[in-house]
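K.L.:
Before I ask anything, let me first share the structure, which is written out below as structure tokens.
The values are calculated or read from the model by the stated rules, or taken from the named source; none is laboratory data. No experiment lies behind these values; they were computed from the predicted model shown. Heads up, the Cβs are rebuilt from the backbone with ideal geometry, glycines too, and the neighbour counts pull from every protein chain shown.
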Amino acid sequence: EDKVVQSPLSLVVHEGDTVTLNCSYEVTNFRSLLWYKQEKKAPTFLFMLTSSGIEKKSGRLSSILDKKELFSILNITATQTGDSAVYLCAVAQGGSEKLVFGKGTKLTVNP
Amino acid sequence: GAGVSQSPSNKVTEKGKDVELRCDPISGHTALYWYRQSLGQGLEFLIYFQGNSAPDKSGLPSDRFSAERTGGSVSTLTIQRTQQEDSAVYLCASSPQGLSTEAFFGQGTRLTVV
């Protein structure tokens with residue numbers, strides 16, 4: 001059975017801290033891995049990773065994929081209260097247009 | 001439209017009633033997806049439309065669930081004889097060329113079955 005596992009499930013930090021969110025996967029015919037930020041209801045796209053070892057970066061957020069060890073990490077540096085959200089990891093498979101999601105990591109950034 | 005629009009945003013229904021959830025995709029997007037997010041869970045795939053046809057409906061949990069799409073645009077997800085375990089947020093997404101990796105999500109419909 002295809003699965004995506006995220007850890008930790010929840011995390012509470014103070015503003016300015018750096019956090020690392022983890023996503024491991026076991027899926028058939030891996031195509032790419034995606035990270036989303038979910039505030040309230042609608043997930044918004046952060047990154048798509050297809051190749052191992054190539055870091056994607058957007059401001060204070062960065063992510064990297066390890067296809068040999070089947071995991072990805074999402075780093076957020078100098079966290080702000082606006083980073084508080086659920087971060088979702090999803091995997092796309094070849095031959096299918098459905099995404100397999102993890103349960104998410106709920107990040108709370110306190111002032 | 002500017003984004004994926006879903007209605008209603010919230011729906012409370014009595015157990016056993018039928019409900020219809022609507023999704024208006026981004027104009028010109030050919031692909032449309034329905035997902036369900038139960039409390040504390042990740043998104044669970046339900047069905048995928050390309051145009052008006054559904055090449056993948058493997059995620060529909062039972063025959064009480066059905067979906068259609070007309071005119072390559074609006075989609076309706078229907079749940080018959082609702083049960084309490086159907087309570088969840090139902091999210092719709094659309095993508096321009098049928099790649100799930102390019103999908104934009106709507107705000108969802110929170111369904112509560114009492």
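K.L.:
Against the conditions (1) part of a strand (DSSP E or B); (2) within 14 Å of another protein chain (Cβ to nearest Cβ), where does B:THR76 fall short? Just the number, please.
P.N.:
(2)
One line per residue, one yes/no per condition, for (1) assigned to a loop (DSSP other than H, G, I, E, B); (2) out of contact with any Pro (no Cβ under 6 Å at 6 or more places or on another chain); (3) under 16 Å from B:THR101 (Cβ atoms); (4) not basic (Lys, Arg):
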residue: A:VAL13; (1), (2), (3), (4): no, yes, no, yes
residue: A:ASN22; (1), (2), (3), (4): no, yes, no, yes
residue: A:PHE45; (1), (2), (3), (4): no, yes, yes, yes
residue: A:ILE64; (1), (2), (3), (4): no, yes, no, yes
residue: A:GLU69; (1), (2), (3), (4): yes, yes, no, yes
residue: A:GLY95; (1), (2), (3), (4): yes, yes, yes, yes
residue: A:LYS106; (1), (2), (3), (4): no, yes, no, no
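K.L.:
Quick one: is A:LYS98 touching a helix residue (DSSP H, G or I) at 6+ places or on another chain (Cβ under 8 Å), free of Cβ contacts under 8 Å to residues at least 24 places away in the same chain, within 22 Å of B:GLN41 (Cβ to Cβ) and within 11 Å of another protein chain (Cβ to nearest Cβ)?
P.N.:
yes
Residue-wise test of (1) away from chain B (no Cβ under 14 Å); (2) under 20 Å from A:GLU1 (Cβ atoms); (3) at pLDDT below 95.
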| residue | (1), (2), (3) |
| --- | --- |
| A:SER24 | no, yes, no |
| A:LYS41 | no, no, yes |
| A:LEU65 | no, no, no |
| A:GLY94 | no, yes, yes |
| A:GLY102 | no, yes, no |
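K.L.:
Going by what's in this entry, would B:LEU39 be described as surrounded by 16 or more Cβ atoms within 10 Å (Cβ to Cβ), assigned to a loop (DSSP other than H, G, I, E, B) and touching a strand residue (DSSP E or B) at 6+ places or on another chain (Cβ under 8 Å)?
P.N.:
No; evaluated as a whole, the condition is false for this residue.
K.L.:
What number goes with the only condition from (1) at pLDDT 95 or above; (2) in contact with a strand residue (DSSP E or B) (Cβ under 8 Å, 6 or more places away or on another chain) that B:ALA54 does not pass?
P.N.:
With (1) at pLDDT 95 or above; (2) in contact with a strand residue (DSSP E or B) (Cβ under 8 Å, 6 or more places away or on another chain) applied to B:ALA54, the lone miss is (1).
K.L.:
Then there is this: Please determine whether any residue of the stretch B:20-34 is farther than 26 Å from A:CYS89 by Cα, in contact with a strand residue (DSSP E or B) (Cβ under 6 Å, 6 or more places away or on another chain) and among the β-branched types (Val, Ile, Thr).
P.N.:
no
K.L.:
Still on this structure, I have one more. Among the residues of the stretch B:83-102, which ones are farther than 22 Å from B:GLU20 by Cβ, of a type outside the set (Asp, Glu), more than 8 Å from every other protein chain (Cβ to nearest Cβ) and not in a strand (DSSP E or B)?
P.N.:
If the condition is that a residue be farther than 22 Å from B:GLU20 by Cβ, of a type outside the set (Asp, Glu), more than 8 Å from every other protein chain (Cβ to nearest Cβ) and not in a strand (DSSP E or B), then B:PRO96, B:GLN97 are the ones that fit.
K.L.:
On the basis of being at pLDDT 95 or above and surrounded by fewer than 16 Cβ atoms within 10 Å (Cβ to Cβ), does A:THR77 make the cut?
P.N.:
The answer is yes for A:THR77.
K.L.:
Can I ask one more? Can you tell me how many residues in the stretch B:46-60 are surrounded by fewer than 22 Cβ atoms within 10 Å (Cβ to Cβ), under 29 Å from A:LYS106 (Cα atoms) and facing another protein chain (nearest Cβ under 7 Å)?
P.N.:
Total meeting the criteria: 1.
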